[in-house]
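The values are calculated or read from the model by the stated rules, or taken from the named source; none is laboratory data. A quick note: this is a predicted structure, and the numbers were derived from the prediction, not measured. Don't worry about glycine lacking a Cβ; one is built from the backbone with ideal geometry, like all the others, and counts go over all protein chains shown.
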Amino acid sequence: MTEPSLFVEPSLFLNKKIMTISELNRLAREVLEASFPLFWVSGEVSNFTRAASGHWYFSLKDAGAQVKCVMFKGRNSYVDFMPREGDKIEARCTVTLYEARGDFQLTVEFVQKAGLGVLFEAFEKLKAKLSHEGLFDAAFKQAIPKYPTTIGIVTSPDAAALRDVLTTLKRRNANVNLIIYPTPVQGKGAAQLIANAIHSANDRAECDTLIICRGGGSMEDLWQFNEEIVARAIDECSIPTISGVGHETDFTICDFVADLRAATPTAAAELATPSRENLLTALMQLQQRLSRSTLQHFSQRAQALDYLARRLVSPLQQIEQKKTQLAQISYRLNASVNQQLQTRQHNVLRLGQNLTHLNPQAVLTRGYAFVQNKLGEIITSSRQLQNGEDVTLTFGVGTADATINKTA
C-alpha cells in the first residue's frame, strides 16, 4: 500500500486567513481520501450497531488501537452474514473523515470473515490457471437445448435448492423428465463426490441438460465448487451444463466452466426449460399469425381473381344469344318435323284411299267375285279354265267351291 502523503501546501501556512473548523475538517477529509486508495484491513468487531436506516456502525480493533467504521445499506446488503461482537473480519475500505464531528473513520465497501483472504487467493490462482487452459472460453460452450425431454440435477437430496428446482421445473413444464444424481455439496471430500456424480451423469447419458446446484452460503460453504476436480469434471462433461450455485452475488469456478451460469438454483431451473405458459402463448401467437397470413393470402387471391374477372369478357351475353338461337332452331325444327309429319300423314291417307279403291275386296262387296284355280292363281280369262276343273269363288263375304262344266 502506498504510504499516505503528509505534505500540505506551504501556502496554507503563509496565508494569514484563519480557517474555520468546517474548512479544516473538509481539508483533512480531502487529504485523507486522496492519500489512501482502497485497501484491506483486519480487526475484531466491537460496538456493532445496525441503524434503522440499515447502515452498520462498528469499530475494528486490535491489541493496540481501534478505528470507527461505517458500512452503508447499499453495500452491506451484499454480505451473507451479520458481524457480531468479537468477530474477526477483513474489511475492504477507504479512509475518510466525518466532518460534522471530526471523527476519523473507515468507509467499508466489503467485509468477509478473517482467513478468507487465503481462499480468495486460491480462487484467483485456480481461475487464472483454468482460464489460461481455455476452460472458460465461450467458443467451447455448448448451447442449452430449448426443448429438453430429460433434465439431470447434481445436488444433495436434502438441499433446499433441490426443492426450489423441482418446484420451478414442475411449474414451468411438468412434462419434462427429471433425474437426480445425489451427492453431498458441503463438507470434507464433497468435491470428489460432486465430480463423481457429474461423471456418472455423463457416462449414463440419460439427460439433455445437467443442472449443478446448491443454495447460498459463505465462501467456505461454497468452496467445494471451487475445487479443480469439479471444474475438470464439468469441462469433460458432454452434456450441456448449467451452474446454479449460491446467490446472485456468489461466483464460483463452477460458474465459469459450465456452459451457462445461473444466479440461483431457481434461475437455473428457469434457464433449463421453457415455460409451458410461454410456449402456449407463442403457439397462440403463431396461430394468429397463420390466420392473418391465410386471410391475407385469400384476400390477395380474391383481388387477383376480381382483376382477372374484369379483364375476362363475360360469356353470359353470348350464352343468351345461343339460347335464343337454339330456341329458334328448335321451333323451326319442330315446325318442319310437324309439317313433314302432316305431309307424310296426308300421303299415307291418300295412299290408303287409293289402296282401298284398288282393293279387290271392295269390288267384291258390290256383287263381284273372283275365281282362283287350285294353285291360287286368279282366273282372268275363260281360256285359263277347262271343263271339269275345280275353282274357288271369292265373294264380298265368304267363298264357294265350283266345278267348270262349260267354257266359252
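Residues in region 121-148 that are in contact (Cβ under 8 Å) with a residue 24 or more places away in the chain and more than 25 Å from Leu210 (Cβ to Cβ): how many?
Matching residues across region 121-148 total 1.
Could you please find all residues in region 72-97 being assigned to a strand (DSSP E or B) and of a type in the set (Lys, Arg)?
Lys88, Arg92
From the list Ala269, Ala304, Ala282, pick out the single residue that is in the same structural domain as Ile151 (by TED's automatic domain parsing) and in a helix (DSSP H, G or I).
Working: Ala304 fails: in the same structural domain as Ile151 (by TED's automatic domain parsing); Ala282 fails: in the same structural domain as Ile151 (by TED's automatic domain parsing).
The unique qualifying residue is Ala269.
If you go through region 76-84 one residue at a time, do you hit one that is more than 47 Å from the chain's Cα centre (by Cα), touching a residue at least 12 places away in the same chain (Cβ under 8 Å) and either surrounded by 14 or more Cβ atoms within 10 Å (Cβ to Cβ) or in the same structural domain as Glu248 (by TED's automatic domain parsing) (or both)?
The answer is yes, given that some residue of region 76-84 is more than 47 Å from the chain's Cα centre (by Cα), touching a residue at least 12 places away in the same chain (Cβ under 8 Å) and either surrounded by 14 or more Cβ atoms within 10 Å (Cβ to Cβ) or in the same structural domain as Glu248 (by TED's automatic domain parsing) (or both).
Conditions: (1) touching a Phe, Trp or Tyr at 6+ places or on another chain (Cβ under 9 Å); (2) modelled with pLDDT under 90. Thr49 meets all but one. Number of the miss?
Just one mismatch for Thr49, condition (2).
Being within 20 Å of Ser53 (Cβ to Cβ) and assigned to a loop (DSSP other than H, G, I, E, B) narrows it down to one residue among Ala100, Ala63; which is it?
Result of the check over Ala100, Ala63: Ala100.
Looking at region 241-263, which of its residues are crowded, with 22+ Cβ neighbours inside 10 Å, more than 29 Å from the chain's Cα centre (by Cα) and in a loop (DSSP other than H, G, I, E, B)?
Gly246, Thr252
Any residue at all in region 14-33 that's among the aliphatic types (A, V, I, L, M), assigned to a strand (DSSP E or B), over 29 Å from Trp223 (Cα atoms) and outside the structural domain of Gly246 (by TED's automatic domain parsing)?
Of region 14-33, the ones among the aliphatic types (A, V, I, L, M) are 14, 18-19, 21, 24, 27-28, 31-32.
Next, from what is left, pick out any that are assigned to a strand (DSSP E or B): none.
The answer is no, given that none of the residues of region 14-33 is among the aliphatic types (A, V, I, L, M), assigned to a strand (DSSP E or B), over 29 Å from Trp223 (Cα atoms) and outside the structural domain of Gly246 (by TED's automatic domain parsing).
Per-residue answers, yes or no, for (1) at pLDDT 95 or above; (2) farther than 16 Å from Val245 by Cβ:
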site	(1), (2)
Tyr147	no, yes
Thr150	yes, yes
Ala161	no, no
Lys188	no, yes
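Sort through Val363, Val391 and tell me the only one that's surrounded by 13 or more Cβ atoms within 10 Å (Cβ to Cβ), out of contact with any helix residue (DSSP H, G or I) (no Cβ under 9 Å at 6 or more places or on another chain) and modelled with pLDDT under 85.
The unique qualifying residue is Val363.
Here's a check for you: in region 90-107, which residue that is of a type in the set (A, V, I, L, M, F, W, C) and touching a strand residue (DSSP E or B) at 6+ places or on another chain (Cβ under 7 Å) is surrounded by the fewest Cβ atoms within 10 Å (Cβ to Cβ)?
Among those that are of a type in the set (A, V, I, L, M, F, W, C) and touching a strand residue (DSSP E or B) at 6+ places or on another chain (Cβ under 7 Å), it is Phe104.
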